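Note sheet for the following structure.
Derivation of every value follows stated rules applied to the coordinates shown; laboratory data play no part. It should be emphasised that the depicted structure is a prediction, and the values quoted were computed from it without experimental measurement. So basically every Cβ, Gly included, is an ideal-geometry build from the backbone, and we count neighbours across all protein chains shown.
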Amino acid sequence: MISQYRGIAPKGQLELLKILGGKLKGRSILNINSTKAGGGVAELLHRIMPIMAGMGMKGRWEVIEGDSHFFDITKKIHNALQGNPEKFTKEMWDYHYEINRQNAGNLDLDAEFVFIHDPQPVSLIRFKKNGHWIWRCHIDMSAPQPDVAARIMDYASQYEASIFSVAKFAMLLPIPEFIVLPSIDPLSDKNRELTPDEIGEVARKFDIPPDRPMVLQVSRFDRFKDPIGVIKAYRMVKKYNDCILVLAGSPAKDDPEGEEVLDEVQNFAEGDPDIRILLLPPFSDTDINALQRLATIVLQKSLKEGFGLTVSEAMWKGKPVIGGAVGGIPHQIVHGVNGFLVYSEEGAAFRIRQYLNNSDMLGRMGEAAREHVRNNFLITRQVGDYLSICVGVENAGKAVIEVG
Ligand code: UDP
């Protein structure tokens, strides 16, 4: 399995994986999150699990169940942690805990290493029986609502360790805090090389004209992804340059606001045949891959962003991304070298025009983008980080840890 990445991922990453694999072979690892479809966490787990299995680990992935009231609450928690003001009552926190309690009764929580992802299942820690429990936070915690952060911190503090995507999201917890930037799998359907025929088929399916520049954003319909801001930037560009805009998104089971935001976007785009809003079913990986390859320019104009896998996905395909300067995006985009960071709709419009008017720069920065992802954001690096943390928590307190 790991050998498939030879010639794609940096050699040192593969060497480290071999060593860590030897150390952790046969050990059980359990991941728990709140959805198998939609969003970056599910995307990553679908890829990480088989790699760990290929290395001889016993991996399981469980998903907590909840009703719409629970997911309304967890979406509010997500929004508040990303800085939107939200109101909470005692009943809401009690309900959050109660659903976790029920899930703890239904799930098999027995494993040597347990990774709990994000705030939805965070209170499962209260039902821990054995193993090393690690809380993995994927969201942008740069300016959280303090009372909500305090609640989540209370639970998070009961874990043995925590993992954040970016140093500035770390919450000053009284437990070890590790920083692990997410990654993409170059061998997945989302990112593998496609033949011209495969790409052409997707272009025909979505009626993408071959002779006009295409600006693309792939995102859940979420206000933090700023789809309205993307349309505004596109409209500014459209006064001077020809292009079409494609907004591609799909629903996530744990995101109840998606439909409302989609309605807003559709209304805002109405009357412009050059704006294509594509509602893709879950697991439309080859379609998204092809769209990212068909795009002239890829945007990720987020206002808050844990990491933004879509940025690395597009960069891997040689597209220099124009991204909001938030969360994990500045870790991927080196401004002016392999993409541009923007702070406003006007900024996004300016950079789109700059690219549309300068195809040499587009190509040059696109190449730099792909190499930056190769060296920093391939899944082999992330699996190595996770396994190193497993070895680290298991040997906590030791001055020397032998992994060879
Ligand atoms: N994605 C998808 N279909 C969509 C929209 C997004 O498969 O319609 C994927 C996207 O390609 C990426 C992930 O979902 O792999 C989104 O991860 P990201 O970190 O960009 O954002 P999140 O949704 O986790 O906030």
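Quick notes
- Each residue, residue 65 and residue 88, gets one label point 7 Å from its Cα in the Cβ direction; the gap between the two is 2.6 nm.
- C-alpha center-to-center spacing [segment 319-355, segment 369-404] in angstrom: 29 Å
- Length, then width, then depth: along the principal axes, the Cα atoms of the chain run 61, 51, 34 Å.
- Over the chain, relative contact order from alpha-carbon pairs under 8 Å, at least 6 apart, %: 18 percent
- For the chain, the mean residue ellipticity at 222 nm estimated from helices alone is -13500 deg cm²/dmol, where every DSSP H run of n ≥ 4 contributes -39500 (n - 2.57) and the total is divided by all residues, rounded to the nearest 500.
- In nm, spacing of pseudo-spin labels at residue 150 and residue 398 (7 Å Cα→C-beta vector): 4.0 nm
- Convex hull volume of the C-alpha atoms in segment 338-404, normalised per residue: 133 Å³.
- Largest GNM mean-square fluctuation across 29, 19, 184, computed for the chain with C-alpha springs under 10 Å, falls on 19.
- Under 16 Å from residue 398, Cα to Cα: aspartates and glutamates that are on another chain or at least 8 residues apart: 160
- Stretching residue 279 away from residue 106 to a fully extended chain increases their span by 58.9 nm, per 0.36 nm per residue minus the current alpha-carbon distance.
- Per residue, the average separation of C-alpha pairs within less than 8 Å and at least 6 apart gives segment 287-342 a relative contact order of 33 percent.
- Among the trypsin sites (Lys or Arg not before Pro) found in segment 63-112, those both in a DSSP coil and sparsely packed, with 12 or fewer other Cβ atoms within 10 Å of their Cβ, are 87.
- For residue 167 and residue 267, the difference between the fully extended length at 0.36 nm per residue and the C-alpha to C-alpha distance is 32.2 nm.
- Spatial separation of Cα centroids for segment 1-36 and segment 126-174, in angstrom: 24 Å
- Beyond 19 Å, the tail of the calculated P(r) for segment 186-319 holds 48 percent of the Cα pairs.
- Subtracting the Cα-Cα distance of residue 158 and residue 350 from their residue separation scaled by 0.36 nm leaves 64.4 nm.
- Normalised by residue count, segment 68-206 yields a Cα convex hull volume of 172 Å³ per residue.
- From the largest down, segment 248-381 spans 37, 36, 26 angstrom on the principal axes of its Cα atoms.
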